Every structure is written in structure tokens, then in C-alpha cells.
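Q: Got a structure for you, written out below as C-alpha cells; questions coming shortly.
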Amino acid sequence: MAKISSTVFSLRHFLVLSLALNVSLILRIVYEGEEGHDNSCLKNETGNSISRADFDTKTHNILKSRVVMSSTLSSGNSTCKYHTGSRNKVINLDHGDPTVYERFWRQRGDKSTIIISGWQSMSYFSDVSNICWFLETEFAKEVVRLHTLVGNAVTEGRHIVVGTGSSQLFLAALYALSPQHSPQPINVVCASPYYSSYPSMTDYLKSGLYKWGGNADSYEKEGPYIEVVTSPNNPDGHVRRSKVNRSEGLLLHDLAYYWPQYTPISSPADYDLTLFTLSKTTGHAGMRIGWALVKDKEVAKKMTKFIELNTIGVSKDSQLRAAKVLRAVSDSCEEENSQEGESFFKFSHNLMANRWKQLREVVDSSQLFSLPQFSPAFCNFFNQVVEPQPAFVWLKCEGNVEDCEKFLRAHNIITRSGKHFGVSRKYVRISLLDTDENFNQFVDRLSTIQSL
């Protein structure tokens, strides 16, 4: 009996000792993990730890401020947790992939969900009485409703032409505006810095109808021309007007960013031909849906013919889903004061405002970079004065840095060089439309770049 008791007693002690050791190990791992998180926010680009006593006070305050704002935006997730062991991670902000709005659409649940039955969308045709015969009626209805609600474009007396994104519509517009029997291709111009894809898109097929003519600011050739006016401009965010202003000129307005989250809505755009895209309006780039508002009937016919020959129309499924998304946006604006929550444009405006605030704090604390300055203006949609907050950052490297893209790439930040936009390499375009995680890491890393 004594032997049995001794065995039981020893086994119990062994179990207690084992439990104590496991708890101790777990606590040590947790402690070291938390310590690692803290230190990860206080390391320089070489990987060496920086003591809090030596840490630059202004930069530290910026980081603290950003943690608070990031926590608000990310439902309590602190910024530091994103950065553990991420100094070597490549942050690619070259593309304008608008994943920034995903959180809003997740919060809205099934408000934008659509079910398409197997028998739907089988025909090529949507409305044969319409110039754009593949345009879905529901999509056209929601386009008009949203423009009317926001007040950013005149839709009355306009023909709607739907395209596979505004890229296809851009080419369709060049085709429709070009003289069909001219001995020389018409020049397409745009003031620099211009959207980097305009030259390559214009010249890619080596069309005999049109060709890239360069910077509108320095264009002096006689004869007809097409001027592209992007407003707000991609990449620098400024409001644009035509530059050449000659009687033989034809204007194409790209208004992809003329929405309340990016710029004050001063008046409805009233031009002959304007382009819009769902990707920058609501963030749904993957649907590949854009639309043009066209005043001239013959131009609308030619654009439709181009798309007919190019892709035999535009996906009905995408149009139906886009209609549901646009309806959800309009509904959110009308329901804003109800229990349904804030509108899409209020959500996206606040989000962009927070990102620009964080970025300006970091840039202002550095002598290496500078940002464009914008003038606040009254926004008819928000019924108050607001400041422009573009979708892209047009960042300039100051001092002796001649190639800003190369300089930032050395810090594992991928951007797009100013050379692609017709200007100096001292500039880069950086997307502000990426995920919270990538944006937070970008701002954190930019704040640690203190010298060349």
C-alpha cells in the first residue's frame, strides 16, 4: 500500500511540474512575441533596433497617431502587428487596383448580391431599339440615377455606351472621333503629366486613323487633333481643362475620378463625350465595366460599332451585377440617416481623408519628399467645403535624388516613374487604393527613410 501511494504521489508531482513548465514556456513565447512586435515598429532600414530615447520624437508621434487612425479603420487591429518581420517585404503600389473599398462591401452583406439564372443573358441583344444595342436597360437606369444623385454629369440628351472598362471605350472614342478618310492619322494629345497608358494604348495597333501626338502643352501642329482631358488628373490629382483650344480640336474627357471621395463636385460635367469606369467609382475593377456619355448620335453609333467589331458587345452578366452595385450605392446615399449606416461616398471620402492625413504628416516630417498642394472647394454633394484627396500620390523626391522610382525600390517600395507620364524621373505615382495592410506598411516604411 505504501508503495502504491508513493507511486501516485510521484505521478501527481510529475504532472504538476510538467504543467508548470508548459505554462512557463507559453508565457515566455507570448512575452517575446509582444516584445518582437514592439521592436519591429522601432527598427531602421538596416534592421538595427532604435532605442526609444534615440527615436525621433516627431516620427514617433506620427506613428502613434497612425496607430490610432488605423485601429479605427481596421476595427481595432493595430498598425504594428502588420509590420512584424516585414521590412524585406516588397510593397507594390504601382497599379491602381481599388481593393481599398472591399471592407465597405463586406459590411453591406448581400445588398449588392445578385443571382443570375442559367437561362438569363443568353442572347447577344439587350435592346435593339437602342443605338448601343447590347446596353442592359437596368444598368443604364442606374447610371442615370447615380449621376443625378451625385450631380457630377449631365445625362439628359446623352447616349450611354457601355464598354469593357473605360479602356475599351477610350479606343472606341478615338475610332469614332477620327476622320475616316484622312491621308494622315489624327494626333492624340494630352497635357503632361498624362495617364501613362495613353501613349501605348493609342499606338499599340499602329492605326492609320490616329496616333499619339505628345504633350498638349507644347502641341503646335496645324490641322485636326484629339485632346484628352483627364479631370481630376491621373497621376497628379489636379482639375484639368483643355490646353490647345483650337477650332479644329475634338475633346475627349476622361472623368474616371470625378466622384465625391476624390474631389469636390462643383457642377455637373457637360461635355460632348465623357468616360467613366466602375473600377474607380465603386472599386469593382474585376467586372470590367465602363460607360460613356455621348452627345452626338453619330459618334455614339461609331463607338458602338467599334465595340461590336471588337467584342460583339459587353457581358450582360457584368452589366446586371454592375447595376446592382450602383443601385446599392444610390440606396446607401438615400438611407444614410437611417439605421442602414453611412453611405458609400461618406465611407470612401473619410477613408481617403485619413490616408492623405497620415501621408502628409510623414512627408512633412521629412526633407526628402514633397506632395502636391490642393485648394479646398465647395462640394455640392456633401454641401460643404472639402479638400481634394486623389486616388494617387504624385510624390516628388527632393534634393539629389534624380530617380525617385529607383530610390524607393531600394527600400522595397514599387512605384511608377514620372518618365511614363511624360515628366521627370524625380516624380513617382503611388496608388492610395490598396489594402489597409499595404498602405500602413508603406507609410511606416516611408517614415523611416531619413536620409539618402
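The values are calculated or read from the model by the stated rules, or taken from the named source; none is laboratory data. Not measured: the values here are computed from a predicted model. Positions of Cβ are backbone-derived with ideal geometry, glycine not excepted, and every protein chain shown enters the neighbour counts.
Q: Filter region 145-163 for residues that are surrounded by fewer than 19 Cβ atoms within 10 Å (Cβ to Cβ) and outside any helix (DSSP H, G or I) and give the result.
A: GLY151, VAL154, THR155, GLU156, GLY157
Q: Any chance region 164-183 includes a residue that's assigned by TED's automatic domain parsing to the domain that holds PRO260, assigned to a strand (DSSP E or B) and either in contact with a Gly (Cβ under 6 Å, 6 or more places away or on another chain) or modelled with pLDDT of 95 or more (or both)?
A: Among the residues of region 164-183, not one is assigned by TED's automatic domain parsing to the domain that holds PRO260, assigned to a strand (DSSP E or B) and either in contact with a Gly (Cβ under 6 Å, 6 or more places away or on another chain) or modelled with pLDDT of 95 or more (or both), which makes the answer no.
Q: Could you list, in sequence order, all residues of region 252-277 that are acidic (Asp, Glu) and either closer than 21 Å to SER343 by Cβ or crowded, with 23+ Cβ neighbours inside 10 Å (or both)?
A: The one that is acidic (Asp, Glu) and either closer than 21 Å to SER343 by Cβ or crowded, with 23+ Cβ neighbours inside 10 Å (or both): ASP254.
Q: Kindly list, by first and then second residue, each pair from a residue in region 306-318 that is farther than 15 Å from TRP291 by Cα to a residue that is surrounded by fewer than 18 Cβ atoms within 10 Å (Cβ to Cβ), limited to pairs with Cβ atoms under 6 Å and residues at least 6 apart or on different chains.
A: ASP317/ILE116; ASP317/SER121
Q: Same structure, new question: Every residue in region 400-432 that is in contact with a strand residue (DSSP E or B) (Cβ under 8 Å, 6 or more places away or on another chain), assigned to a loop (DSSP other than H, G, I, E, B) and in contact (Cβ under 8 Å) with a residue 40 or more places away in the chain, please.
A: ASN412, THR415, GLY422, LEU432
Q: Now, a different point. Go through LYS301, LYS280, LYS305 for me and flag whichever is buried (at least 23 other Cβ atoms within 10 Å of the Cβ) and either out of contact with any strand residue (DSSP E or B) (no Cβ under 7 Å at 6 or more places or on another chain) or part of a loop (DSSP other than H, G, I, E, B) (or both).
A: LYS280
Q: Right, another one. Would you say PHE170 is of a type in the set (Phe, Trp, Tyr), surrounded by 20 or more Cβ atoms within 10 Å (Cβ to Cβ) and farther than 30 Å from SER207 by Cα?
A: No, not satisfied.
Q: A follow-up question, please. Just to be sure I understand, how many residues within region 190-226 are farther than 13 Å from GLU248 by Cα and not in a loop (DSSP other than H, G, I, E, B)?
A: Within region 190-226, residues that are farther than 13 Å from GLU248 by Cα and not in a loop (DSSP other than H, G, I, E, B) number 17.
Q: Determine which member of the set VAL90, VAL67 is modelled with pLDDT of 95 or more, among the β-branched types (Val, Ile, Thr) and farther than 25 Å from SER330 by Cα.
A: Just a single option satisfies the conditions, and that option is VAL90.
Q: Now, a different point. When VAL314 is evaluated against the numbered criteria (1) in contact with a strand residue (DSSP E or B) (Cβ under 9 Å, 6 or more places away or on another chain); (2) in the same structural domain as VAL385 (by TED's automatic domain parsing); (3) assigned to a loop (DSSP other than H, G, I, E, B), which criterion, by number, is the only one it fails?
A: The failed condition is (2).
Q: Within region 236-277, how many residues are assigned to a loop (DSSP other than H, G, I, E, B), of a type in the set (S, T, N, Q) and either within 28 Å of SER178 (Cβ to Cβ) or without any contact (Cβ under 8 Å) to a residue 12 or more places away in the chain (or both)?
A: Residues in region 236-277 being assigned to a loop (DSSP other than H, G, I, E, B), of a type in the set (S, T, N, Q) and either within 28 Å of SER178 (Cβ to Cβ) or without any contact (Cβ under 8 Å) to a residue 12 or more places away in the chain (or both): 3 in total.
Q: Inside region 285-298, can you point out the residues that are within 23 Å of the chain's Cα centre (by Cα), touching a residue at least 60 places away in the same chain (Cβ under 8 Å) and either assigned to a helix (DSSP H, G or I) or not assigned by TED's automatic domain parsing to the domain that holds LEU169 (or both)?
A: Residue satisfying the conditions is ALA285 alone.
Q: Would a scan of region 328-337 turn up a residue that is closer than 20 Å to GLU142 by Cβ and in contact with a strand residue (DSSP E or B) (Cβ under 8 Å, 6 or more places away or on another chain)?
A: The answer is no; no qualifying residue exists.
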